[in-house]
Amino acid sequence: MISVLIPAYNEALRVGETVATIRAILPNSQIIVIDDGSQDETYARAEEAGADVVFRQKQKGKGAALKRAFALSTGKVILLLDADVGGSAREAEKLLAPVLKGDADMTIALLPGSSGSGGGFGLVVGKARSAIRELTGREMQAPLSGQRAVRREVIEKCGGFAEGWGVEVALTVRALWKNYRVVEVPTEMTHRVTGRDWKGIWHRFQQYRSVGKTLSLLEREIPETSSLPAHR
């Protein structure tokens with residue numbers, strides 16, 4: 001079975017389309033939406049669209065939402081999707097194919113539009129990309145992409161999900177340290193872009209701070225026996 005984990009915060013306008021699209025292309029999948037303290041109708045829209053599980057919790061951040069969703073999941077393959085991808089969730093098939101065929105352990109969506117596609121803004125994307133390169137020796141184009149397909153074993157062996165907005169960086173770094181096959185896959189996925197008003201600026205600051213905290217923790221986890229260039 002494939003379990004689809006969708007963390008959501010104030011996504012009433014798009015979460016329904018996201019869930020409905022996944023249900024259409026993966027009718028037998030387990031769809032789990034975690035409403036992370038939304039103040040709108042996210043919970044109701046996800047439920048109406050056909051999610052198998054919709055769990056409402058106090059706002060704890062993306063990492064905590066994914067932890068809860070993973071604990072409720074049963075699939076051997078996990079599909080991670082942001083709630084705002086809407087109809088472009090159909091592109092998830094491109095992420096799943098290499099994992100289901102056994103050609104990759106984790107795939108990461110490259111979104112169209114820029115070399116830094118996959119989420120985030122220039123400063124935080126650059127910071128994440130540079131840190132992954134230094135910690136693992138790999139150059140990732142979309143270090144913050146939240147759209148991924150991954151074998152359940154990978155998440156378990158990597159210690160689950162990190163806290164906050166550093167969840168994607170931590171999963172990538174730990175998977176590479178354990179020599180799992182991580183592949184970036186071009187897609188036509190789209191999502192709502194954070195605005196450049198004060199609310200958007202605050203969001204970017206929070207993201208930058210969270211990613212920085214995660215990177216500091218990862219620097220203390222570097223495997224002593226690693227043969228990667230950055231660890232010599």
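Rule-based calculations on the coordinates, nothing more; no lab input. As the structure is a prediction and not an experimental result, all values here were calculated from the model. Glycine gets a Cβ as well: all are built from the backbone with ideal geometry, and neighbour counts include every protein chain shown.
Annotations
- Among the trypsin sites (Lys or Arg not before Pro) within the stretch 17-72, those in coil by DSSP and having at most 11 neighbouring Cβ atoms inside 10 Å are Lys58.
- The phi-based Karplus calculation (6.51 cos²θ - 1.76 cosθ + 1.60; θ = phi - 60°) puts the 3J(HN,Hα) values of the stretch 37-51 at x, 4, 10, 10, 9, 3, 4, 5, 5, 5, 5, 4, 6, x, 5 Hz, whole numbers, x for Gly and Pro.
- Arranged from fewest to most other beta-carbon atoms within 10 Å of their beta carbon, Ile2, Ile31 become Ile2, Ile31.
- Residues with amide H under 5 Å from that of Val77, placed H, sequence gap 5 or more: Ser3, Arg152
- Two-site FRET efficiency, Ser130 against Asn179, from Cβ-Cβ distance with R₀ of 22 Å, rounded to 0.05: 0.50
- When peptides 34-43, 159-168 are ranked by their average number of other Cβ atoms within 10 Å per residue, the highest-first order is 159-168, 34-43.
- Residue-wise HN-Hα coupling along the stretch 145-162, computed from phi with Karplus coefficients 6.51, -1.76, 1.60 (Hz; x: Gly, Pro): 4, x, 9, 8, 10, 8, 5, 4, 4, 4, 4, 5, 5, 8, x, x, 9, 6
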